[in-house]
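Structure, as structure tokens:
The values are calculated or read from the model by the stated rules, or taken from the named source; none is laboratory data. Since this is a predicted model, take the numbers as computed values, not measurements. Backbone-built Cβ (ideal geometry, glycine too); neighbour counts: all protein chains shown.
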Protein chains: 2
Amino acid sequence: MDAEDEDLWVPFLAARPRDRRAERLRVHLREDERRAQRHPPRRAAALSRDQIVAAAIMVADAEGADAVTMRRIARELNAGTMSLYWHVVSKEELLDLMLDAVQGDRETPEPSGDWRRDVQDVARAMRGSLHEHPWMMDFIGGRPPVGPKSLRNVERMLGYFDGLGLDMRMAIDISTTVGTYVMGAVLREVQEHNSETFMEQTLAELTEAEREKVIGEFTERVRATGRYPHLAELMSAGYDPDAAETRDSRFEFGLDCLLDGIAARIGDHPSPGSR
Amino acid sequence: MDAEDEDLWVPFLAARPRDRRAERLRVHLREDERRAQRHPPRRAAALSRDQIVAAAIMVADAEGADAVTMRRIARELNAGTMSLYWHVVSKEELLDLMLDAVQGDRETPEPSGDWRRDVQDVARAMRGSLHEHPWMMDFIGGRPPVGPKSLRNVERMLGYFDGLGLDMRMAIDISTTVGTYVMGAVLREVQEHNSETFMEQTLAELTEAEREKVIGEFTERVRATGRYPHLAELMSAGYDPDAAETRDSRFEFGLDCLLDGIAARIGDHPSPGSR
DNA sequence: TACTATCTGGTACAGCGTACGAGAGGTGCG
DNA sequence: CGCACCTCTCGTACGCTGTACCAGATAGTA
């Protein structure tokens, strides 16, 4: 049963209960469902948790993190705002549900025997998923990470190292390290993306002359201090480290470095010219 | 002049101007200061940007990200809420200023000639700084990153690779990759920390028996599915990958892997048993 | 004295998350 | 049938947020 697995929220972590309902909804969720079957829903369930989460993700994708308000989501569903609170304990919980839902977006590959390729695939998939939902980076800060979909992904990841004779500790360190790198990379990339769109908006309001003047003044000021030789060189070379074209290769570069280091450590010889 | 460097905000990026003042405060800040010297502040400046930023950081450190509200900060300074808005265009700008301010907390080491050690030091310093201000992770999501302090740090970082004959592109990729890893690591660690404190609070409300029952039921459910052999092994081994003791070594592990990969790539032979 | 620039902060408003509780619709029992 | 009881919807209201607007205080210049 697929639905069986979907409820594997780590106890305590899932919701911050503000009232009794949290416990009912989470820790004793199965029990709830049993009762619901005795007493089936009467009105063909106009609203459901999954619907609410889906609507919230739609809104977030289309209008950004700021647009995710309970009122906005309710409007999307033609429901009263407070109706959402029957299915969801708090906005905080809804965000958790959203994060876990998109975690399952991409399929993680079956172990192929080549751990390095599998890990690369997963890393790229994670990155792709995060890029499709950039609002994740707004919500992810400092919130307990584990929902059932994440659990499944961790399980898969650990499976890639099965035949290599690693102890569990090593396998876990490697998994989290890769995940760590991907998170950091996407965080940076989302920041850069936001910078760009913001800059473009601002630039559009200026004339060409003003634009050059402002930029010129800035580079001149950097140069004038004499304390930033590398940055000055960078700017005069016109090299933009954050340009979209370089982003993919930068991601792959870091990932390759990391995987090389890991490979060396687990006794695998790094594939010399991989990628 | 130290103060000279402090104003090197990348133009456009710094503030999202909601009205004209943004431009004045940022792009033409120097001009503003010149005028201010003609017309010096009359009341011995009861309030200043730096004070406001410092107060905001204090509040954030002591009470967490949620406590950072304009009213709270004003109260801290015995000022009216709206007085802050003379010195700061918006809360958003204040957050940018806070982030950049803590960026300069730790001193980055002078280049020692051993790039690897320098980079390690910087990475550890970044991590330490982020841990002292865990609210950073709440604010950092999807916001333009560059203030003057960050610029200085990038400059320093680039300097570590000076004698190695790398081209600029390589040096930049390496710098950002290391930064990326650190950000990701701290993001994860802050999440884990929050999970823990939350779990402790919840656990404190339960009796020992309830606690074991809930945990036991969960592990039983995970095992019952048969789809999570690695996780089941993990849980029955009682190994907690997020335990505080393992966190430092995990960070160093990932960092070492990364640096090994980088070293190999720039023709340096990895120090075999480093740390 | 009058004028102007700089800075303070009170009031007010729209929008947020959500506590509360009334009520609508359905089931099961007498 | 009536009646109790659960499941679910949602209007109202409250306290909180960021901040627009504007009236004033203060100090330097003319």
Response to the item:
Out of (1) at the interface with chain B (Cβ under 7 Å from one of its Cβ atoms); (2) touching a helix residue (DSSP H, G or I) at 6+ places or on another chain (Cβ under 8 Å); (3) surrounded by fewer than 22 Cβ atoms within 10 Å (Cβ to Cβ), the one A:PHE198 does not meet is (2)
Worksheet entry | Unmet requirement for A:VAL59, which otherwise passes all of (1) more than 16 Å from DNA strand D (Cβ to nearest atom); (2) modelled with pLDDT under 55 | (2)
Worksheet item: Hey, among B:ASP7, B:ASP96, B:ASP118, which residue is modelled with pLDDT under 90 and within 21 Å of the chain's Cα centre (by Cα)?
Response: B:ASP7
Worksheet item: Could you list, in sequence order, the residues of the stretch B:163-195 that are in a helix (DSSP H, G or I), over 20 Å from the mean Cα position of the chain (by Cα) and either free of Cβ contacts under 8 Å to residues at least 40 places away in the same chain or buried (at least 16 other Cβ atoms within 10 Å of the Cβ) (or both)?
Response: B:MET168, B:ARG169, B:MET170, B:ALA171
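Determine whether the stretch A:73-91 contains at least one residue that is under 19 Å from the mean Cα position of the chain (by Cα) and either within 16 Å of DNA strand D (Cβ to nearest atom) or not charged (D, E, K, R) (or both). Before the answer, list the steps.
Taking the stretch A:73-91 as the starting set, the residues that turn out to be under 19 Å from the mean Cα position of the chain (by Cα) are A:91.
From what's left, either within 16 Å of DNA strand D (Cβ to nearest atom) or not charged (D, E, K, R) (or both): A:91.
Yes, there is a match, as at least one residue in the stretch A:73-91 is under 19 Å from the mean Cα position of the chain (by Cα) and either within 16 Å of DNA strand D (Cβ to nearest atom) or not charged (D, E, K, R) (or both).
Based on this model, can you work out whether B:TYR160 counts as facing another protein chain (nearest Cβ under 9 Å), buried (at least 22 other Cβ atoms within 10 Å of the Cβ) and on the phi < 0 side of the Ramachandran plot? Full working, then the answer.
Working: facing another protein chain (nearest Cβ under 9 Å): no; buried (at least 22 other Cβ atoms within 10 Å of the Cβ): yes; on the phi < 0 side of the Ramachandran plot: yes.
For B:TYR160, the condition - facing another protein chain (nearest Cβ under 9 Å), buried (at least 22 other Cβ atoms within 10 Å of the Cβ) and on the phi < 0 side of the Ramachandran plot - is not met.
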